[in-house]
Amino acid sequence: MNLLESYIFKRMVGGFILSLVTLSMTVWMTQALREFDLVTGQGQSIGTFFKLTLLLLPGLVTIVSPIALLIGVIYTFTLLNNDSELVVINASGAPQKTLLKPVLLLGLVAALFTASMTLYFTPLSLRLWRTMITEVRADIVTTILREGEFMQISEGLTFHLRSRRADGTLEGIFVSDDSLPESTVTYLAENGIILDNPVGTFLIMRDGTIQTRNKADGAISMIAFTSYAFDLSTFASRSKVRPFKPSERETTYLVAPSPEDRQYQRYPESFAAELHNRLSAPFYAFVFAIIPLAYMNQAQSTRNGRGYVVAAAVSLAFVVRMLGYYLGTIAEFNALIIPLLYLLPIGVTAAAAVLVLRGGQLSVSERAVMFFDSVFDRLGGLVRPPARQTDNAS
């Protein structure tokens, strides 16, 4: 790259990285707050909370990176236009490839970054997230160790704990088992501990009673015990992870799925569609990079509706991407759509590149600008407070 191309590229990279970090952290915080009940409701540590929510980051970055790229290009060319640098570039007779080359290079960098996310890091993080969230929600020990609350850990089984010591000893244990059709069994114990070993998970209760009430006649029998082991293994064993969805599978597995995979046997088209969605996603980085250039490669006065030009560039980029998502959805049912997943972003990129190289520029029609101006003026009149009228004293 020459000096001018390097200058434009560096400004776009700065805008892209700043936008990517800002958007990723903002979206991550909104998603992390949704999982905060892991700390407040599931009794997990703050470390587990951060590990689980950080696994969402690769998928979020994949979504926001095209938007960050779009912002970076628009920001750079807006500054070039406002500082009259774009006027100098156009007037100097510099070839259009001077603007196109750094934009395509940034698109290539973003495409490689997106490919690493879609092909490896995002499915890996989704698998780890699914495994971890399943273990957390099925962790019977952390579920029942919530002091002062009546916890229903399964149908008919209620647990209450008065307090828990620093050494892990439980005090004031109450367990009510109403799962049997003929009787209700209540366990009361002064204290106890949770024992987790290869044999299973047990609640070892000490110094308590077992009260059995017959549901038919209401008769109650009571047995005192010094030590009693209540088996929790049935409930702790529910942490089995369900089969992974195609979006959570390794890319290499999608290329050659196992014929014995029941999910693949039922939905083979979804595996192929997911593979091609991953492979085609990086091409949209070029779309989000070059569409703003197609609208903003020529100097333009801010009085000529520059804001509408930016809005049109953003709208067109998102329309193309939404169309890509739609094609990816229907590709699960029609394999003939799969080539369109690649033709759409490549075709849009090629058409925009040819337009830029020929010195052309996409624009917003004057009629559209006048229409939106009139709409905004009317909306402004609705919210603008009425002018005060002064009475002339006679």
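The values are calculated or read from the model by the stated rules, or taken from the named source; none is laboratory data. As the structure is a prediction and not an experimental result, all values here were calculated from the model. So basically every Cβ, Gly included, is an ideal-geometry build from the backbone, and we count neighbours across all protein chains shown. The area values use the complete protein model at the heavy-atom level, side chains included, leaving out ligands, DNA and RNA. Shrake-Rupley method; radii C 1.70, N 1.55, O 1.52, S 1.80 Å.
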Original post:
Looking at Leu60, Leu126, which is the one that is within 20 Å of the chain's Cα centre (by Cα), within 21 Å of Val319 (Cα to Cα), of a type outside the set (D, E, K, R) and open to solvent by less than 60 Å² (accessible area, probe 1.4 Å)?
Top reply: Leu60
Original post:
Hey, among the residues in the stretch 1-25 that are among the hydrophobic types (A, V, I, L, M, F, W, C) and within 12 Å of Pro102 (Cβ to Cβ), which one's nearest to the chain's Cα centre (by Cα)?
Top reply: Phe16
**OP:** Being within 30 Å of Tyr264 (Cβ to Cβ), surrounded by fewer than 16 Cβ atoms within 10 Å (Cβ to Cβ) and at pLDDT 90 or above is the filter here, so list the residues in the stretch 282-335 that pass it.
**Re:** Met322, Leu323, Tyr325, Tyr326, Thr329, Ile330
Original post:
Cβ-Cβ below 7 Å, separation at least six or inter-chain, first residue in the stretch 88-110 and closer than 10 Å to Ala289 by Cβ, second open to solvent by 50 Å² or more (accessible area, probe 1.4 Å) and not in a helix (DSSP H, G or I): which pairs?
Top reply: Pro102/Met1
Original post:
Restricted to the stretch 209-225, and to residues that are charged (D, E, K, R) and part of a loop (DSSP other than H, G, I, E, B), which residue is surrounded by the most Cβ atoms within 10 Å (Cβ to Cβ)?
Top reply: Lys215
**OP:** Note down all Cβ pairs under 8 Å where the first residue falls in the stretch 254-266 and is β-branched (Val, Ile, Thr), the second is surrounded by 10 or more Cβ atoms within 10 Å (Cβ to Cβ), and they're at least six residues apart or on different chains.
**Re:** Val255/Leu275
Original post:
Is one or more of the residues making up the stretch 21-35 assigned to a loop (DSSP other than H, G, I, E, B), open to solvent by 20 Å² or more (accessible area, probe 1.4 Å) and farther than 23 Å from Phe318 by Cα?
Top reply: yes
Original post:
When only residues in the stretch 230-252 that are open to solvent by less than 50 Å² (accessible area, probe 1.4 Å), assigned to a helix (DSSP H, G or I) and at pLDDT 85 or above count, which is farthest from Asp196 (Cα to Cα)?
Top reply: Thr251
